[in-house]
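Here's the structure, in structure tokens; my notes come after.
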Amino acid sequence: MKKVKPTTSAQRHVEVPDYSVLTKTEPLKKLVVSKKRAKGRSGGQITSRHRGGGYKKLYREIIFGEEKKGVPGTVKSIEYDPFRTTFIALVSYQDGDWRYLLAPQELKVGDKVICDEMTTISLANRLMLKNIPVGTPVHNIETKFFQGGKLVRSAGAAATILSQDGKETSLKMPSSEIRKIPSNCYASVGQLSNIEHGLIELGKAGRTRLMGRRPKVRGSAMNPVDHPYGGGEGRTKRGTKRPKNIFGKVTGGKKTRPKNKYSNKFIVSRRKKK
């Protein structure tokens, strides 16, 4: 982590990751698109509170699947992506194509990458789970064959291959959950970059606003019509037996996963409760 030298009182506690690992500041123009943000609204109605505003940003088109299967590529730069917590890598492929992919920790400019059914176990290489040795950290994991990576895509995340059981592979997820995934699904090798992301200190409320997060108001500061905790004289307790959200639904320990969800059969061990 890098501590900012304070030139104002708002910067006194700011801590940011060390961005010296990045090799390029501007993205490749043909791989960026302008993306309209919903700002927490659907049809004008607020569906997700406390979202809106923030800097304008361009979306980097990233490949999460096997679009370049069998074509070797070379890493040309490691870049920042404003839409995600991990860094991304710009790869030049032998067929003349350029693509972005998620960058694992310690990936460097000049490294070779490839996606194939079976290949060498090296950083950012993508291959079938059944061909990855037990104990290998992986990321960007598919749940269905050729669907594209859906799991383990945030900064510093990695799942570990625990065992190979015929047509299924057991993985330990970052949440400590153990689950089975079909062995013909693909995953990328390595732990994702920007491990220190969780240690960031924003330092001031303004930086949160620039990230598109609007202020949150305490339920106890609202009126009774607006929140179950609202009303009362002065600072009063919540007045309800169980903690509730703004809609009156019970929170705080209540299980939200559907009992009959299709993927329950793939979960060997649930994540540990805090």
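Conditions tested, residue by residue: (1) among the aromatic types (Phe, Trp, Tyr); (2) in contact with a Ser or Thr (Cβ under 9 Å, 6 or more places away or on another chain); (3) modelled with pLDDT under 95; (4) surrounded by fewer than 16 Cβ atoms within 10 Å (Cβ to Cβ).
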position	(1), (2), (3), (4)
31	no, no, no, no
34	no, no, yes, yes
38	no, yes, yes, yes
41	no, yes, yes, yes
45	no, no, yes, yes
55	yes, no, yes, yes
60	no, no, no, no
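Among the candidates 258, 182, 224, single out the residue that is free of Cβ contacts under 8 Å to residues at least 60 places away in the same chain and crowded, with 16+ Cβ neighbours inside 10 Å. Lay out the reasoning, then the answer.
Numbers: 258 fails: crowded, with 16+ Cβ neighbours inside 10 Å; 224 fails: crowded, with 16+ Cβ neighbours inside 10 Å.
Result: 182 is the single residue among 258, 182, 224 that is free of Cβ contacts under 8 Å to residues at least 60 places away in the same chain and crowded, with 16+ Cβ neighbours inside 10 Å.
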Name the single residue, out of those in the range 190-208 being in contact with a Pro (Cβ under 7 Å, 6 or more places away or on another chain) and outside any loop (DSSP other than H, G, I, E, B), that is farthest from residue 153 (Cα to Cα). 196
Selection count, the range 209-236, where residues are assigned to a helix (DSSP H, G or I) and not basic (Lys, Arg): 4
Among the strands (runs of 3 or more DSSP E) contained in the range 68-171, which hold 1 or more residues that are among the hydroxyl-bearing types (Ser, Thr, Tyr), surrounded by fewer than 17 Cβ atoms within 10 Å (Cβ to Cβ) and out of contact with any Leu (no Cβ under 6 Å at 6 or more places or on another chain)? 73-79, 88-93, 159-165
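Out of all the residues in the range 254-274, which are assigned to a loop (DSSP other than H, G, I, E, B), among the polar types (S, T, N, Q) and farther than 26 Å from residue 46 by Cα?
Of the range 254-274, the ones assigned to a loop (DSSP other than H, G, I, E, B) are 254-261, 270-274.
Then keep just the ones that are among the polar types (S, T, N, Q); that gives 256, 260.
Listed by number, the list holds a single entry, 260.
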Could you count how many residues in the range 237-253 are without any contact (Cβ under 8 Å) to a residue 24 or more places away in the chain, in a loop (DSSP other than H, G, I, E, B) and surrounded by 10 or more Cβ atoms within 10 Å (Cβ to Cβ)? 8
I need the full set of residues from the range 186-204 which are surrounded by fewer than 22 Cβ atoms within 10 Å (Cβ to Cβ) and either of a type in the set (A, V, I, L, M) or more than 20 Å from residue 105 (Cα to Cα) (or both), in order please. 195, 199, 200, 201, 202, 203, 204
Could you give me the residue pairs with C-beta distances under 7 Å whose first residue belongs to the range 81-105 and is closer than 16 Å to residue 190 by Cα and modelled with pLDDT of 95 or more, whose second residue is among the basic types (Lys, Arg) and not in a strand (DSSP E or B) wherever it lies, and which are 6+ apart or on separate chains? 102/153
Enumeration of residues in the range 262-274 that are of a type outside the set (Phe, Trp, Tyr) and surrounded by fewer than 10 Cβ atoms within 10 Å (Cβ to Cβ): 265, 272, 273, 274
If the requirement is being closer than 21 Å to residue 88 by Cα and modelled with pLDDT of 95 or more, which of these qualifies: 152, 134? 152
Residue count, the range 102-135 (criterion: within 17 Å of residue 193 (Cβ to Cβ) and more than 19 Å from the chain's Cα centre (by Cα)): 7
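The values are calculated or read from the model by the stated rules, or taken from the named source; none is laboratory data. Keep in mind the model is a prediction, meaning the values are calculated, not measured. FYI the Cβ positions are ideal-geometry reconstructions off the backbone, even for glycines, and counts take in every protein chain you see.
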